[in-house]
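The values are calculated or read from the model by the stated rules, or taken from the named source; none is laboratory data. Because the structure is a prediction, the values reported are computed rather than measured. Backbone-built Cβ (ideal geometry, glycine too); neighbour counts: all protein chains shown.
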Amino acid sequence: MNAQLTESLSVAAVSRREFLVRASALGGLVLLATSSGAVKAAEEAKKYGAEGMPHGWKDDPLAFIAIAEDGIVTVVVHRSEMGQGVRTGMPLIVADELEADWSKIRVQQATADEEKYGNQDTDGSRSTRHFFDPMRRCAASARTMLELAAAKSWGVPVSEVKAANHEVVHGKTGRKAGYGSLAKAAAKLPVPARESLKLKAPAQFRYIGKPAHLLDGPDIVQGKAQYGIDTRLDGMLYAVIARSPVFGGKVARYDATEAMSMPGVVKVVEIQGTPGPAQFQPLSGIAVVAKDTWIATKARKTLKIDWDDGPHGSYDSKAYRAQMLESSRQPGTVLRQVGDVDAALANASRKLEAEYYLPHIAHATMEPPAAAARIVNGRCEVWAPTQAPQVTRTDISKRLGIPFENVTVHVTLLGGGFGRKSKPDFALEAALLSKAVDGQPVKVTWTREDDLHHDYFHTVSVERLQAGLDAKGKPTAWLHRSVAPTIGAIFGPDSGHEAPFEQNMGFVNLPFDIPNMRMENPEAMAHTRIGWFRSVSNVPHAFAVQSFVAELAAAANRDHRDYLLDVIGPARKIDPESMKDEWNHGESPQRYPVDTGRLRRVIELVTKESGWGSKLSKGEGRGLAAHYSFLSYAAAVVQVAVDSKGGITIPRVDIAFDCGPHVNPDRIHSQLEGAVVMGVSLAMLGEITFAKGRVEQDNFHQYQVTRIDAAPRDIRIHLVPQSDYSMPLGGVGEPGVPPIAPALCNAIYAATGKRIRQLPIRDQLAPAQLTSA
Amino acid sequence: MQLDINGTAAQVDAADDTPLLWVLRDHLGLTGTKFGCGMALCGACTVHIEGQAVRSCVTPISAVAGKKITTIEGVGSTRIGKAVQDAWLAIDVPQCGYCQTGQIMSATALLGSNAKPSDADIDSSMSGNICRCGTYPRIRAAIKQAAAAVGGKS
């Protein structure tokens, strides 16, 4: 257990219960607490997956499945849809196990209610991983109840009837009853015991494992899909907020005289910031509430606000980078040690070291944060594109002093999430503003500038690696120092150290076959809100580790693929705890060991499919990287072409992926395609910088992202087929991202001989940059 | 002020400098046109003015009075718009879907002026539309599929 974080918990102004609930959003900080005496009992009954989450799980088909008299089946989806396809995937699982007709399936989004639905934090690439088995059981329960109802009405043994394609059939007599006619009676029957359920054999699957079209597709292409920002309520007002440009700053004084004089402006409201850790609380600011968004935006410009910048007013990206570099050159907290690295380094025939830098990045979801709220008769209703419905509800209840049961959170579609919308500060703003106008409906919209200035940013990091090679070029020593401010700092006093869920994203839990290894974590304090960004700490860790292995292979004058396979070593299943990973994404170490055989297989598959080793033209190159994250295995080969001016194009990317068995393979493809583009975007262009505590990028002209003309033209996905559905599922949404940046930089090295160790790549290959370097 | 939107006259009570985007979204409830940047940098707010793709977030309503405005809610009634929407569905282009209405408006305008766009044409016409989910390969494929459908058998 991380002693510093434990200590900080006792002084933080959050209860342990609250911390655990919040930490669950991190997908595993919960396990941090399990080795302390206070929660010994919890350890004894350690639960995993959906059952290991704060509100656990109970098989309750009536919470998730409703069948109307006309046979229409409504599936309640309790996870947020942000493009990963969960509103299609969950119904596919239910429809299959229910023996339902897909054309009769409808979707209803659950409101925030974890007592009823179990965990709703849509993060950590775990909706399908956590809920595949539970949703199958719910649907199998419902199917069994329908069969029982039919058998009862016909007076025949239930063993003689069978549900198939939306009806129950009695084989002997040929009698049939549609689901719609049976639903009422079935719903009154007791829910069958879990042990008694018969799940379908995978060979009988009709929908699971086969590509399905998006249920929301028609609404999306016609502009009917409702995102949070599209919420419209009778008499609704529109708000924008001027927030403290520096994290931790606050309004010293303000003058809104001019704004209040503008036609259409209804009210100017100060939003109080909260001292201490950011949590998900709104930042200090001045809100303008008006008749439409444009008036509010114009009026905001006229506000005269003096800010008290607070303790982070001198945060400067250049200075901070130098400070992190300095830290990385000193010993840090030792997190894992294998053998004797110092002796091995002393005896090595060659030593190499490299320092990698990755800047802050912003999520920049295409739908900026936005939410609407109203308060009627003491009841608060909120419409929000939130990845964390229950947290949103809890925080609104507390901040507004409205009983939890009187707060309703409607989860809209999310116009992108990527982790940003796990932090519902924007929904709290809407609720506070509604309260300030006597409960009238208010929608708060963040402009793009607001979004880029006040994100919960992806961490910034320096990764320093040292290795010793023997005479044959084989690594005998590995020393990795990772320096990065932690997400934990938004929850309590800043420990200055990566939390276990960050360490074990490809840094400490490195499945390499090297006899001497040491992983150290020097201190880095946070000066802005640090938050999850798609695949989180895997991004810097994989970039450094997978770049460095390629550097070692080059030094050893060996083929990178062969070298990487040797460093990973033979196929074996590694207990994560043996690598000091007690987190393991909240999953059982027995059920989810790290399987180097699967990691090897995706490397072999992607190199085979991409034509690894075949000849390319001058200025072209291929680069490889592989990474295990979110319990899935990914390997990518990126092909680049570099022109004489240092311009980079990416004609092709191959990615091989093993996430266990599949639900909707088309959405796995699309998530990986998206991961490739996002990986390219952050590698080529992504950078948020601070000066005087303020973000220097205002909009997409300064915070650039990959557009269609620079996206890889040809993305080829190679899924490892898995037909064994008893095999545990891995994550899909995030694990495609981490290998892309290192594979791209390895390709650039292959094409040009230039090693990129800092992101973004931008114009680092331009001749002027090369000569000055 | 009176605006001609999707073939219907709409009375609008808003200041002349109000961008068309906010009139569509806040005043008329046509929320299919999206806000993404407010500076014509992302394309989420794309509509058609007289058939041309225009960023509504920087287009004041005073500039479009009396002109034919088409939004995503109306584009499906045009032959090309419908073909583009159909291709989008057949290929399952969307992920989160937020930017897709703007993408569809840009793609429809492209096919309106160029029946068989090359990859370079697609790059230049579509690079004003950002998709953070990374649906670009499917957008490209869907445009080609829609072009083939509109042009008949190619």
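Whether a residue is assigned by TED's automatic domain parsing to the domain that holds residue B:130 and either touching a helix residue (DSSP H, G or I) at 6+ places or on another chain (Cβ under 7 Å) or of a type outside the set (Gly, Ala, Ser) (or both) was assessed, and residue B:26 does not pass this test. Taken over region A:724-773, the residue count meeting the criterion of being within 24 Å of residue A:464 (Cβ to Cβ), of a type in the set (Phe, Trp, Tyr) and part of a loop (DSSP other than H, G, I, E, B) is 0. Among the criteria (1) free of Cβ contacts under 8 Å to residues at least 12 places away in the same chain; (2) closer than 25 Å to residue A:331 by Cα, the one residue A:562 does not fulfil is (2).
Only one of the listed residues (A:122, A:128) is part of a loop (DSSP other than H, G, I, E, B), crowded, with 20+ Cβ neighbours inside 10 Å and not basic (Lys, Arg). That residue is A:122. Of the candidates A:104, A:116, the single residue that is modelled with pLDDT of 95 or more, under 23 Å from residue A:393 (Cβ atoms) and of a type in the set (Lys, Arg) is A:116.
Looking at A:696, A:734, just one residue is of a type in the set (Asp, Glu), more than 10 Å from chain B (Cβ to nearest Cβ) and under 23 Å from the mean Cα position of the chain (by Cα), and that residue is A:734.
Looking only at region A:313-345, which residues are surrounded by 17 or more Cβ atoms within 10 Å (Cβ to Cβ) and either under 17 Å from residue A:544 (Cβ atoms) or among the hydrophobic types (A, V, I, L, M, F, W, C) (or both)? The answer is A:321, A:324, A:327, A:328, A:332, A:335, A:336, A:338, A:341, A:344, A:345. All conditions but one from (1) facing chain A (nearest Cβ under 7 Å); (2) assigned to a helix (DSSP H, G or I); (3) polar (S, T, N, Q) apply to residue B:125; the one that does not is (1). Against the conditions (1) out of contact with any Gly (no Cβ under 6 Å at 6 or more places or on another chain); (2) within 30 Å of residue A:679 (Cβ to Cβ), residue A:292 satisfies every one except (2). Return the residues of region A:417-438 that are surrounded by fewer than 24 Cβ atoms within 10 Å (Cβ to Cβ), charged (D, E, K, R) and assigned to a helix (DSSP H, G or I); say none if nothing qualifies. Of everything in region A:417-438, those that are surrounded by fewer than 24 Cβ atoms within 10 Å (Cβ to Cβ), charged (D, E, K, R) and assigned to a helix (DSSP H, G or I) turn out to be A:425, A:435.
Within the set A:373, A:348, A:388, the sole residue that is away from chain B (no Cβ under 14 Å) and surrounded by fewer than 24 Cβ atoms within 10 Å (Cβ to Cβ) turns out to be A:348. Checked against the criterion of being within 13 Å of chain B (Cβ to nearest Cβ) and touching a residue at least 12 places away in the same chain (Cβ under 8 Å), the candidates A:223, A:228 yield just one match: A:228.
You will find that of A:381, A:353, the residue that is of a type outside the set (Ser, Thr, Tyr), surrounded by 18 or more Cβ atoms within 10 Å (Cβ to Cβ) and out of contact with any Pro (no Cβ under 7 Å at 6 or more places or on another chain) is A:381 and no other. Checked against the criterion of being surrounded by fewer than 17 Cβ atoms within 10 Å (Cβ to Cβ) and outside the structural domain of residue A:528 (by TED's automatic domain parsing), the candidates A:301, A:291 yield just one match: A:301. Contact annotation: no residue pair with Cβ atoms under 9 Å, 6 or more positions apart or on different chains, pairs a residue in region A:701-726 that is over 28 Å from residue B:130 (Cβ atoms) and within 14 Å of another protein chain (Cβ to nearest Cβ) with a partner that is of a type in the set (S, T, N, Q) and outside any loop (DSSP other than H, G, I, E, B).
For region A:510-522, filtering for residues that are under 15 Å from residue A:463 (Cα atoms) and touching a helix residue (DSSP H, G or I) at 6+ places or on another chain (Cβ under 6 Å) leaves 2.
Residue A:238 falls short of the stated requirement of being within 30 Å of residue B:92 (Cα to Cα) and aromatic (Phe, Trp, Tyr). Of the strands (runs of 3 or more DSSP E) lying entirely inside region A:439-498, those containing at least 3 residues that are in contact with a His (Cβ under 9 Å, 6 or more places away or on another chain) and over 30 Å from residue A:402 (Cα atoms) are A:461-469. What about residue B:53, is it away from chain A (no Cβ under 11 Å) and closer than 23 Å to residue B:133 by Cα? Yes.
With respect to the stated conditions, residue A:559 is among the charged types (D, E, K, R) and either more than 25 Å from residue A:730 (Cα to Cα) or crowded, with 24+ Cβ neighbours inside 10 Å (or both).
Is region A:96-118 home to any residue that is in contact with an Asp or Glu (Cβ under 9 Å, 6 or more places away or on another chain) and under 26 Å from residue A:628 (Cα atoms)? No, region A:96-118 has no match at all.
Of the residues in region A:583-594, not one is surrounded by 22 or more Cβ atoms within 10 Å (Cβ to Cβ), assigned by TED's automatic domain parsing to the domain that holds residue A:736, within 19 Å of residue A:559 (Cβ to Cβ) and of a type in the set (Val, Ile, Thr). For region A:188-207, the criterion of being farther than 17 Å from residue A:93 by Cβ and in contact (Cβ under 8 Å) with a residue 60 or more places away in the chain is satisfied by at least one residue.
The residues on offer are A:265, A:240, and the sole one that is without any contact (Cβ under 8 Å) to a residue 60 or more places away in the chain, within 14 Å of chain B (Cβ to nearest Cβ) and of a type outside the set (D, E, K, R) is A:265. Taken as a whole, the condition of being surrounded by fewer than 20 Cβ atoms within 10 Å (Cβ to Cβ) and either over 28 Å from residue A:568 (Cβ atoms) or not assigned by TED's automatic domain parsing to the domain that holds residue A:540 (or both) applies to residue A:618.
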